[in-house]
Amino acid sequence: VLLAGLLLFSATGLTWSQYAGGNVDKLRAALGWMTPQVNTAIAGEAAAADPHAEHHGHHHGAMAAHALNSADFDRVMAVAQQNGLHAGLVEIRPPRSSNQAWTVTEIDRRWPTQVDAVAINGETLQVIDQTDFTQFPLMAKLTRWGVDFHMGVLFGLINQLALVGFGAALCVLIVMGYRQWWLRRPAAAAKNPAQTLCDAWLQLSIIGRGCVLVITAAAGYAMPVMGFSMLLFLLIDVIRWKRAQRRQATAPAVS
């Protein structure tokens, strides 16, 4: 059970980590699994309606940036509600320039998930783009649900209690592992039965060694922080292995 939880939390945590998350995003982009985003560009519409829109927009955009008031937010929110955004938690973002639209995004990530979004032209109050969570690709939905479960918000208090239980069980498992090693720790001997990783790797077949190297290299490339930690661990292991070999070479023969 804990192994399944570890795999789940590892996979969902990697999607928003700094380095491995970037590689996950590249993979998702290559496979078409990215989360759809609303298009906020309205320069084409403005240019088509007014040949002097580019020159006029700079001044109007600068003025609009300083003229926002609560009524603007209310009007945009009303349009968003008319187009199906009814979540209790929403985020409204005004445009940064005259050729961009307002965005209204649902941010209620509990179950059922409500994360629809619309882009609205602030001048005409027309919806220029919209995303619907029900139309997201399956992998985009799984990513959203996985991250929210990881953060303890998908199922509310039940989700949070499950995370607490998993964390406590994992701590108990770690302590039990150390206890088991202590009870079965090897006695001092000329050749310590607790072999190094290099010893264990050399006991594999040629195919087994190759598979381990390929999987390790791929995992280290996809997750650079883990890869660096793995290299450091292997360096220490090789040093221990070399020292064990020297001790065996200089140990007196027993008749």
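Just one of the listed residues (148, 129) is in contact (Cβ under 8 Å) with a residue 12 or more places away in the chain, part of a strand (DSSP E or B) and out of contact with any helix residue (DSSP H, G or I) (no Cβ under 7 Å at 6 or more places or on another chain), and it is 129. Taken over region 216-252, the criterion of being polar (S, T, N, Q) and exposed (fewer than 12 other Cβ atoms within 10 Å of the Cβ) is satisfied by 248, 250.
Just name the residue that is modelled with the highest pLDDT out of those in region 225-250 that are of a type outside the set (D, E, K, R) and over 30 Å from residue 23 (Cα atoms). The residue in question is 239. Only a single item in (1) farther than 30 Å from residue 31 by Cα; (2) touching a strand residue (DSSP E or B) at 6+ places or on another chain (Cβ under 9 Å); (3) surrounded by 14 or more Cβ atoms within 10 Å (Cβ to Cβ) is not met by residue 114, and it is number (1).
Anything in region 220-230 that is under 16 Å from the mean Cα position of the chain (by Cα) and part of a helix (DSSP H, G or I)? List them, or say none. Once the filter is applied, which keeps residues that are under 16 Å from the mean Cα position of the chain (by Cα) and part of a helix (DSSP H, G or I), region 220-230 yields 222, 224, 225, 226. State whether the residues of region 204-215 include one that is outside the structural domain of residue 4 (by TED's automatic domain parsing), loosely packed, with under 10 Cβ neighbours inside 10 Å and not polar (S, T, N, Q). Among the residues of region 204-215, at least one is outside the structural domain of residue 4 (by TED's automatic domain parsing), loosely packed, with under 10 Cβ neighbours inside 10 Å and not polar (S, T, N, Q), which makes the answer yes.
Flag set for residue 107, criterion: in contact with a strand residue (DSSP E or B) (Cβ under 9 Å, 6 or more places away or on another chain) and free of Cβ contacts under 8 Å to residues at least 40 places away in the same chain.
The values are calculated or read from the model by the stated rules, or taken from the named source; none is laboratory data. If you're wondering where the values come from, they're calculated on a predicted model, not measured in any experiment. Positions of Cβ are backbone-derived with ideal geometry, glycine not excepted, and every protein chain shown enters the neighbour counts.
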